[in-house]
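Notes for the one structure printed next.
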Amino acid sequence: MKVLVIGSGGREHAIVKSLKKSSRITEIFCAPGNAGIGQDAALVPIKPMEFDKLAEFALNEKIDFTIVGMDDPLVGGIVDVFEEKGLRVFGPRKNAAILEGSKAFSKDLMKKYGIPTAAYETFTDANKAEAYLKTAKLPIVLKADGLALGKGVLICNTLEEAQDGVKEIMLDKKFGEAGTKLVVEEFMTGREVSVLTFCDGKTIRPMTSAQDHKRALDGDQGLNTGGMGTFSPSPFYTQEIADFCQKNIFEPTVAAMAKEGRPFKGIIFFGLMLTQEGPKVLEYNARFGDPEAQVVLPRMKNDLLEVMEACVDGKLDQIELQFEDNAAVCVILASKGYPVSYEKGFPITGLEKFDNKNDYFCFHAGTAVKDGKLVTGGGRVLGVTATGETLERAREKAYEATKWVSFDNKYMRNDIGKAISEA
């Protein structure tokens, strides 16, 4: 089989590496990919939002199966375009990808179907939002309605911060058109857990749990980023909590989408908060998390292609997901200054040390080739992942492996999974 993966980050590299284990795949293509993905797949110089060009490539190249890794093309309707041309493609259609594409839609869905989430209000008028904030309990959370690269969420501790946040999102349009509508949400406290699930429109199968570190600096300080590291599994996500989530969150979400005429096939990412009142949904995503994919996929025993085909064919009830009885930790090596401003183009060395090791992985997020050399090409550059018998051991190994890699302006958090491994 020939498979095409659409995307260019660490998540797509993790997907490609996982697909390489399938005996049924003869060729893997990635559009547009990055320098590291190019070592594992044939790169295709077509952008993820060029739907017709991608579909034309898939038809001409006789691609058997396409996997969409990124949120923008899914929300934009790439799956509909591929299906109209008779192509097999993994991911939700446009009318289902709205689960991630509009926070207001997802909050309204949860309210309608009684799925546990934080209390909220939605605004399209900045003045009305500011007036509401004067009566609201602090701290409070502001969310741009649309896609904002994982950065459109502000946690405000004071009224002044919240008013500045409304201006930033709705008036200054810091996150572009994503901020045309604003969701104002109660601030929840507890442990955060990410659970990725496979869906075929009616059946849902959860993967192993993970936890992301969003803030740029140690101690969860600094700005929100796309993710500075992650670990799997979460020791706080017990079997009892998993059973509650399956019954009260996961299955009702899939059933709600089907009832709304938006059957969801693909990945639903559940961002959960384990509050004192029980688990509640923080957010939905319509694809693998990044960097959650970099710790979940290396632990998965199943053939990824087989599971994805079962989702497309409505046969997920015939699949039992299996994961290694181990742990994984991913530390993001970033460019200093990320997520605001940073330099790129610096040579990267030391990656050969990852060769032929089954328990160490280096997933490329922002890399490029310049004058024949591998160089930094983004804010998040590499995801260094290690597996181990315990979270503590996986963490030790991941940080050990970060020392193998060198590039100018290299930056990372030093506390990914630390509190957990010491707990």
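Annotation: residue 318 fulfils all but one of (1) within 24 Å of the chain's Cα centre (by Cα); (2) within 28 Å of residue 64 (Cβ to Cβ); the unmet one is (1). Mind listing just one residue for me: the one in segment 358-409 that is in contact with a Lys or Arg (Cβ under 9 Å, 6 or more places away or on another chain) and assigned to a helix (DSSP H, G or I) and, of those, farthest from residue 9 (Cα to Cα)? Among them, the one singled out is 395. For segment 150-164, the tally of residues that are loosely packed, with under 15 Cβ neighbours inside 10 Å and at positive phi stands at 0. Name the single residue, out of those in segment 397-408 being open to solvent by 10 Å² or more (accessible area, probe 1.4 Å) and farther than 17 Å from residue 218 by Cα, that is nearest to the chain's Cα centre (by Cα). Result: 397.
When every residue of segment 216-226 is checked against the conditions, none turns out to be in contact with a Ser or Thr (Cβ under 9 Å, 6 or more places away or on another chain), open to solvent by 40 Å² or more (accessible area, probe 1.4 Å) and either part of a helix (DSSP H, G or I) or at pLDDT below 95 (or both).
Going residue by residue through segment 328-338, is there one that turns out to be open to solvent by 10 Å² or more (accessible area, probe 1.4 Å) and more than 14 Å from residue 381 (Cα to Cα)? No: zero hits.
Look at residue 102 and say whether it is among the hydroxyl-bearing types (Ser, Thr, Tyr) and at pLDDT 95 or above. No; evaluated as a whole, the condition is false for this residue. In summary, residue 345 fulfils each of the numbered conditions (1) in contact (Cβ under 8 Å) with a residue 40 or more places away in the chain; (2) in contact with a strand residue (DSSP E or B) (Cβ under 7 Å, 6 or more places away or on another chain); (3) open to solvent by less than 80 Å² (accessible area, probe 1.4 Å) with the single exception of condition (1). Scanning segment 165-179 for residues that are closer than 21 Å to residue 118 by Cα and either open to solvent by 60 Å² or more (accessible area, probe 1.4 Å) or modelled with pLDDT of 90 or more (or both) yields a total of 3. The numbered conditions (1) loosely packed, with under 15 Cβ neighbours inside 10 Å; (2) touching a strand residue (DSSP E or B) at 6+ places or on another chain (Cβ under 8 Å); (3) part of a loop (DSSP other than H, G, I, E, B) are all true for residue 414 except (2). Within segment 222-258, the set of residues being closer than 23 Å to residue 290 by Cβ and free of Cβ contacts under 8 Å to residues at least 24 places away in the same chain comprises 222 only. Of the residues in segment 123-144, at least one is open to solvent by less than 80 Å² (accessible area, probe 1.4 Å), part of a helix (DSSP H, G or I) and free of Cβ contacts under 8 Å to residues at least 40 places away in the same chain.
Report yes if residue 385 is among the β-branched types (Val, Ile, Thr) and open to solvent by 30 Å² or more (accessible area, probe 1.4 Å), otherwise no. No; evaluated as a whole, the condition is false for this residue.
For segment 52-97, filtering for residues that are open to solvent by less than 70 Å² (accessible area, probe 1.4 Å), at positive phi and over 19 Å from the mean Cα position of the chain (by Cα) leaves 1.
Can you find a residue that is among the aliphatic types (A, V, I, L, M) and without any contact (Cβ under 8 Å) to a residue 60 or more places away in the chain anywhere in segment 80-94? Yes, segment 80-94 contains a residue that is among the aliphatic types (A, V, I, L, M) and without any contact (Cβ under 8 Å) to a residue 60 or more places away in the chain. Whenever a residue of segment 55-72 is assigned to a helix (DSSP H, G or I), its partners that are open to solvent by 60 Å² or more (accessible area, probe 1.4 Å) and modelled with pLDDT of 95 or more, lying with C-beta atoms within less than 6 angstrom and at least six residues away or across chains, give the pairs 55/85. Taking segment 1-19, which residues are in contact with a strand residue (DSSP E or B) (Cβ under 7 Å, 6 or more places away or on another chain) and part of a loop (DSSP other than H, G, I, E, B)? Of everything in segment 1-19, those that are in contact with a strand residue (DSSP E or B) (Cβ under 7 Å, 6 or more places away or on another chain) and part of a loop (DSSP other than H, G, I, E, B) turn out to be 1, 8.
The values are calculated or read from the model by the stated rules, or taken from the named source; none is laboratory data. All figures in this text were calculated on a predicted structure; none of them were measured in a lab. FYI the Cβ positions are ideal-geometry reconstructions off the backbone, even for glycines, and counts take in every protein chain you see. Just the protein is used for accessible areas: all its heavy atoms, side chains included, with ligands, DNA and RNA removed. Shrake-Rupley method; radii C 1.70, N 1.55, O 1.52, S 1.80 Å.
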